[in-house]
Amino acid sequence: MAIQKNNVEISRLQKEISTYLTLGSTEVIYEFEYSSSSVRLNVITVNPRHNQSFLFHLAENHSEIECLKQMLEYVKTYKEKRSSYTIQWSSRMENELQTSYFHAKDIPEAIEKLHFGRDPNSLVIFSVVLNPMS
């Protein structure tokens with residue numbers, strides 16, 4: 001019964017996070033990583049235009065539910081607390097210019113989100129621009 005209750009709470013939190021992100025459920029991936037002392041949640045978004053995935057944000061805590069609660073708090077306020085960046089890049093394999101948008105505390109974090117889950121040498125970054133505050 002406790003496992004089922006956890007699953008229902010996990011599902012509810014994931015749905016609420018997705019609602020705040022205003023992305024369809026197929027465009028948000030919740031990836032949990034486990035260590036002996038903590039759980040890490042990577043929320044990954046998939047851009048349907050160029051079919052690439054990027055790190056949205058990560059949270060670390062002692063349980064899946066606590067990570068999701070932490071993520072929910074982040075998605076409620078990230079636009080006020082993080083800067084918006086536009087990165088123009090291309091894959092070394094395709095040579096087609098792509099444009100992606102990230103919320104991050106600084107340029108290195110935005111680039112880290114772009115590189116998440118891939119070899120950094122597989123991409124060419126042409127520009128990183130801090131977007132005007134709206």
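All of the numbers you see were taken from the coordinates with simple rules; none came from a lab. A quick note: this is a predicted structure, and the numbers were derived from the prediction, not measured. Ideal geometry is used to build each Cβ from the backbone, glycine not excepted, and the neighbour counts take in all protein chains shown.
Where does each of Thr99, Thr77 land when they are ranked from fewest to most other beta-carbon atoms within 10 angstrom?
Thr77, Thr99
Starting from the Cα-Cα distance between Ser91 and Lys79, subtract it from 0.36 nm times their residue separation and give me the gain in nm to one decimal.
1.5 nm
Computed log10 I(q)/I(0) for the chain at 0.16, 0.21 Å⁻¹: -0.87, -1.32, from the Debye equation with unit scatterers placed on every C-alpha and solvent omitted. Charge dipole of region 1-80 (Cα centre as origin; +1 on each Lys and Arg Cβ, -1 on each Asp and Glu Cβ, all else neutral): 200 debye, rounded to the nearest 20.
The charge dipole of the chain, taken about its Cα centre with unit charges on the Cβ of Lys, Arg, Asp and Glu (plus for the first two, minus for the last two), comes to roughly 280 debye. Only one residue of Tyr78, Ser63, Tyr34 has its Cα farthest out toward the positive end of the dipole of region 1-80, where Lys and Arg carry +1 and Asp and Glu -1 on Cβ, and that residue is Tyr78. Among Phe102, Phe116, Phe56, which one shows the highest mean-square fluctuation when the chain is modelled as a Gaussian network with alpha-carbon springs under 10 Å? So, out of Phe102, Phe116, Phe56, the one fluctuating most is Phe116. For the chain, the longest principal axis of the alpha carbon atoms and the long axis of helix 2-21 meet at an angle near 30°.
Put simply, region 1-80 fits an ellipsoid with semi-axes of 21, 14, 13 Å; these come from the alpha carbon gyration tensor as the roots of five times its eigenvalues, largest first.
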